[in-house]
Amino acid sequence: MSDVFIVGIDMTKFQKAGTGPAVDVLGAQAARMALDDCGLKIQDMQALYCGNLGQANAMVGQRVLQQIGQTGIPVVNCANACATGATAFREAWMGIKAGVYDLVLAVGVEKMGSGLLGGGGGGGGIPKEGLLGSGTMPAVFAEAGMEHARKYGTTFEQFAKVSVKNHHHSTMNPKSMYRIETPLEMVMNAEMIAYPNTKLMCSVNVDGAAAAVLASEKKARELGMKRAVKISASILTSDPFTQRDLVMPDVNTCTRQAAAKAYEMAGIGPEDLDLVELHDCFATAEILHYENLGLCGEGEAGRMIDEGQTAHGGRIPVNVSGGLLSKGHPLGATGVANVYEIATHLRGEAGERQVAGAKVGLAHVIGLGSACGIHILEKTS
């Protein structure tokens with residue numbers, strides 16, 4: 001089976017929810033940017049995989065092609081909660097890995113509304129999980145954070161430091177929605193949404209799109225390997241059944257399962273990573289995922305943030321893009337956007353926020369319901 005490489009990738013600047021163009025136009029912008037990045041045209045693509053959640057039944061992928069060229073290629077539309085973009089990217093990877101295609105386009109795009117996520121769209125009857133509290137995402141991740149605090153003594157201040165870090169990182173990212181510093185006192189004194197997450201500790205609803213051109217090794221070598229990025233692992237998991245307390249959704253298990261599989265596929269361990277883009281939908285989530293991804297031991301995540309280990313210039317920089325907390329979280333686009341950030345650093349093209357000497361990076365997203373996508377990327381030149 002051929003190795004698979006990213007040969008073109010880009011993303012739009014994330015902008016305030018409801019202010020961007022129509023979803024097909026937004027997706028087409030990112031697609032053209034990714035094609036331009038590698039000097040290819042839509043006529044060169046053999047398939048399109050498109051991730052979008054809000055209009056999952058509206059053939060967004062085909063509508064993107066109406067904007068940039070209807071070539072008759074197969075189009076697959078993907079919807080998988082917050083892992084939607086990562087799922088589209090993985091399906092593109094699978095098509096090449098299976099030997100069916102040599103060049104494939106993956107697009108993730110979303111136009112967001114305002115307000116809280118969650119609490120709708122499920123089946124009728126009594127839910128099997130999450131009977132305590134609210135089904136909205138702020139409540140779910142507040143509960144998860146408080147459980148971590150109960151077990152390990154993690155403090156409100158430590159959770160808040162995640163937001164301080166990520167907002168600082170975003171000041172170096174021209175594609176981020178917000179580019180402002182948020183001092184610790186400002187974060188802690190912001191409007192409380194669901195303790196311990198204040199408003200500045202919640203991800204930002206934005207309009208945005210990201211796209212990638214994936215190639216087989218043969219095609220990548222034909223195009224030139226100088227800026228190609230190897231996809232060393234592509235993993236998608238869902239939650240297995242476990243004996244546990246069902247009053248809170250499990251926000252950890254599928255990430256732990258995916259991380260173990262990804263490290264095995266790539267032949268590396270977490271100690272080999274140079275940077276990580278993880279799913280910081282809330283500040284509490286980032287703390288949990290330090291441990292879920294094996295970046296530290298159990299109960300050590302609070303110390304990691306206190307010591308600046310995950311800050312730019314630290315031992316393992318996390319969410320140097322600004323993360324979902326500041327860059328923004330357009331659901332269907334996030335999975336591809338996280339891959340874009342890692343690839344940009346491995347190419348040495350991240351500018352002011354460049355992680356020095358970056359050779360290996362991990363992109364992670366999780367959608368409750370559940371789906372976790374992890375991609376490990378490696379520099380090739």
Going through the stretch 282-302 in order, the residues found to be more than 13 Å from Arg256 (Cα to Cα) and open to solvent by 10 Å² or more (accessible area, probe 1.4 Å) are Phe282, Gly299, Glu300
Contact list, first residue from the stretch 333-348 and closer than 18 Å to Ser234 by Cβ and of a type in the set (Ser, Thr, Tyr), second anywhere and open to solvent by less than 10 Å² (accessible area, probe 1.4 Å) and part of a helix (DSSP H, G or I), beta-carbon distance below 9 Å, six or more apart or interchain, is Thr334/Thr84; Thr334/Gly85; Thr334/Ala86; Thr334/Leu324; Tyr340/Ala34
Those residues of the stretch 237-259 which are aliphatic (A, V, I, L, M) and within 16 Å of the chain's Cα centre (by Cα) amount to Val251, Ala258, Ala259
Exception for Ala220 within (1) open to solvent by less than 10 Å² (accessible area, probe 1.4 Å); (2) modelled with pLDDT under 95; (3) more than 21 Å from the chain's Cα centre (by Cα); (4) not aromatic (Phe, Trp, Tyr) falls at (2)
From the option list Ala343, Ala363, Ala356, single residue qualifying as over 24 Å from Ala260 (Cβ atoms) and either more than 13 Å from the chain's Cα centre (by Cα) or open to solvent by less than 10 Å² (accessible area, probe 1.4 Å) (or both) is Ala356
Log entry, pairs with first residue in the stretch 314-330 being without any contact (Cβ under 8 Å) to a residue 12 or more places away in the chain, second being part of a loop (DSSP other than H, G, I, E, B), beta carbons closer than 6 Å, six or more apart or on different chains, reads Gly314/Gly308; Arg315/Gln309
With the first residue restricted to the stretch 89-107 and required to be closer than 16 Å to Val339 by Cα and among the charged types (D, E, K, R), and the second required to be open to solvent by less than 40 Å² (accessible area, probe 1.4 Å) and at pLDDT 95 or above, Cβ contacts under 6 Å at 6 or more apart or on different chains are Arg90/Ser234; Glu91/Tyr49
Screening Glu286, Glu298 for residues that are in contact (Cβ under 8 Å) with a residue 24 or more places away in the chain and under 16 Å from the mean Cα position of the chain (by Cα) leaves only Glu286
Residue hits (the stretch 2-51; part of a loop (DSSP other than H, G, I, E, B), open to solvent by 10 Å² or more (accessible area, probe 1.4 Å) and among the aliphatic types (A, V, I, L, M)) are Ala17, Ala22, Leu40
Subset of the stretch 81-95, residues open to solvent by less than 50 Å² (accessible area, probe 1.4 Å) and either closer than 16 Å to Glu110 by Cα or within 19 Å of the chain's Cα centre (by Cα) (or both), comes to Ala81, Cys82, Ala83, Thr84, Gly85, Ala86, Thr87, Ala88, Phe89, Arg90, Ala92, Trp93
Taking the stretch 56-70 and keeping residues in contact with a strand residue (DSSP E or B) (Cβ under 9 Å, 6 or more places away or on another chain) and open to solvent by 60 Å² or more (accessible area, probe 1.4 Å) leaves Asn57, Met59
Going through the stretch 33-59 in order, the residues found to be of a type in the set (D, E, K, R) and touching a residue at least 60 places away in the same chain (Cβ under 8 Å) are Asp37
If we keep only residues of the stretch 56-112 that are of a type outside the set (A, V, I, L, M, F, W, C) and in a strand (DSSP E or B), then the residue nearest to Asn205 (Cα to Cα) is Glu110
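The values are calculated or read from the model by the stated rules, or taken from the named source; none is laboratory data. Remember, it's a predicted structure, so these values are computed and weren't measured experimentally. Cβ: placed from backbone, ideal geometry, glycine included. Neighbour counts: every protein chain shown. All accessible areas refer to the heavy atoms of the entire protein, side chains included, with ligands and DNA or RNA removed. Shrake-Rupley method; radii C 1.70, N 1.55, O 1.52, S 1.80 Å.
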